[in-house]
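The values are calculated or read from the model by the stated rules, or taken from the named source; none is laboratory data. Computed from a prediction, not measured in an experiment: that's the story for all the values here. For neighbour counting, all protein chains shown are included, and Cβ atoms are generated from backbone atoms with ideal geometry for every residue, glycine included.
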Amino acid sequence: MNDLILERYLYTFNYVEKIQKTSKINYNYMNLDFNESPIPTIPKWNFFKENDINVTKANRFSYVPAHTHSFIELNYMYSGRCTQSLNNEDFDFTQGQLLIMDKNTVQKIGYTGQEDILINILIKDSVTINRLLDYLKGYENKISLFLSQTNLKTNSNNFIICDLNSSPIAQSLIKNIISLEMATNNVNKNRITIDLLFSTLLIQLEDTIQYYKNDFNSNDSNILEILKYIERNYSSTNLKLTSEHFGYNMNYLSNKIKSSTGQTYKEIIEQRRLYAAQDLLYRTKLSLEDISMKIGYKNPSSLHRLFKKYINITPIDYRHQLISNNHINNS
């Protein structure tokens, strides 16, 4: 998709923008309950039905009320300007600036008009982040360190602001990511390309940082290595083996993980297995027995319990939903 076609696509009104332009008020299309929770968390379900990196355009002609995210979000000011409140501190964003937010950041976005195009790049989970960072083995900068820490429990909310106007390469990379993700339905074909572009972007962003807020306690830095070990060995390890690998008492390691991440060891393993199973159900035709074995279970009954526990659906129904969605998208 060339720049002219991309801009035509981005500036075209979607159905939410048409409603907001007419009504002059924010349209709550996700039906978030602001009465129950004045600062609701944006759920994942609406964004990651087909891929674990999603690019969307922020809806114009309104403001966005205070909210947090259950995923990592990047905002790129493609054109125009807007004011964003991050943890009750106001920042003015202009064309070419990029915001990278941790999950718990409280964000509000001021009114955006016709020329104000804000692009949201959403990253589903720590599994996706680790996959991207795997391309950077042996290379670490402030951006990669920030992202590797986003599945930790921190005392306050962290974010980075970059100015891509100082890096034509970074601007070109992010525009290519936007074009690839928004212009085609061929998810499998573009996944590796987008991963490579995104990982390269992480390298380029180091020299564009304007504002960096990260309250991670470096004294607990070895927790990152522990989490990476779990991510890469989720199908074969357990608490005993992980404790032995790092030379810790099992109770000590269990408490350390809980205090750093807010999750138990079991929850981390289960969620990693869930993400892997979802990916295999989408990308392959493997049987439930084969998928169970690949992610570390001896039989499909454990896989069934895993899906019901976290997403309240059976694995076979999840696969049927994927097939149905693909049929609708391709029709």
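If you check Lys24 against the conditions, is it in the same structural domain as Asn157 (by TED's automatic domain parsing), in contact with a Ser or Thr (Cβ under 9 Å, 6 or more places away or on another chain) and at positive phi?
Yes: the conditions hold for Lys24.
Given the conditions (1) in a loop (DSSP other than H, G, I, E, B); (2) in contact with a Lys or Arg (Cβ under 7 Å, 6 or more places away or on another chain), which single one is not true for Leu280?
Exception for Leu280: condition (1).
Can Ile25 be described as under 22 Å from the mean Cα position of the chain (by Cα) and hydrophobic (A, V, I, L, M, F, W, C)?
No, not satisfied.
Out of all the residues in the range 20-32, is one or more crowded, with 19+ Cβ neighbours inside 10 Å and either modelled with pLDDT of 95 or more or in contact with a strand residue (DSSP E or B) (Cβ under 9 Å, 6 or more places away or on another chain) (or both)?
Within the range 20-32, one or more residues are crowded, with 19+ Cβ neighbours inside 10 Å and either modelled with pLDDT of 95 or more or in contact with a strand residue (DSSP E or B) (Cβ under 9 Å, 6 or more places away or on another chain) (or both).
Which members of the range 74-92 meet the condition of being surrounded by fewer than 18 Cβ atoms within 10 Å (Cβ to Cβ) and part of a strand (DSSP E or B)?
Residues satisfying the conditions are Ser79, Arg81, Thr83, Ser85, Glu89, Asp90, Phe91, Asp92.
Residue-by-condition table, conditions (1) within 30 Å of Pro168 (Cα to Cα); (2) assigned to a loop (DSSP other than H, G, I, E, B); (3) without any contact (Cβ under 8 Å) to a residue 12 or more places away in the chain; (4) assigned by TED's automatic domain parsing to the domain that holds Ile169:
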position	(1), (2), (3), (4)
Gln204	yes, no, no, yes
Asp207	yes, no, no, yes
Ile230	no, no, no, no
Ser236	no, yes, no, no
Lys240	no, no, yes, no
Lys258	no, no, yes, no
Glu270	no, no, no, no
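If I filter the range 93-107 for residues that are small (Gly, Ala, Ser) and either buried (at least 22 other Cβ atoms within 10 Å of the Cβ) or within 26 Å of Asp195 (Cβ to Cβ) (or both), do I get at least one hit?
yes
So in the range 143-165, with the set limited to residues that are in contact with an Asp or Glu (Cβ under 7 Å, 6 or more places away or on another chain) and surrounded by fewer than 17 Cβ atoms within 10 Å (Cβ to Cβ), which one is modelled with the highest pLDDT?
Ser156
Polar (S, T, N, Q), assigned to a strand (DSSP E or B) and in contact (Cβ under 8 Å) with a residue 24 or more places away in the chain - does that describe any residue in the range 37-48?
Scanning the range 37-48, I find at least one residue that is polar (S, T, N, Q), assigned to a strand (DSSP E or B) and in contact (Cβ under 8 Å) with a residue 24 or more places away in the chain, so the answer is yes.
Looking only at the range 289-313, count every residue that is under 24 Å from the mean Cα position of the chain (by Cα) and in a loop (DSSP other than H, G, I, E, B) and tell me the total.
2
Go through (1) surrounded by fewer than 22 Cβ atoms within 10 Å (Cβ to Cβ); (2) within 30 Å of Ser235 (Cβ to Cβ); (3) touching a residue at least 40 places away in the same chain (Cβ under 8 Å) and name the single condition Ser126 misses.
(1) is the only condition that Ser126 fails.
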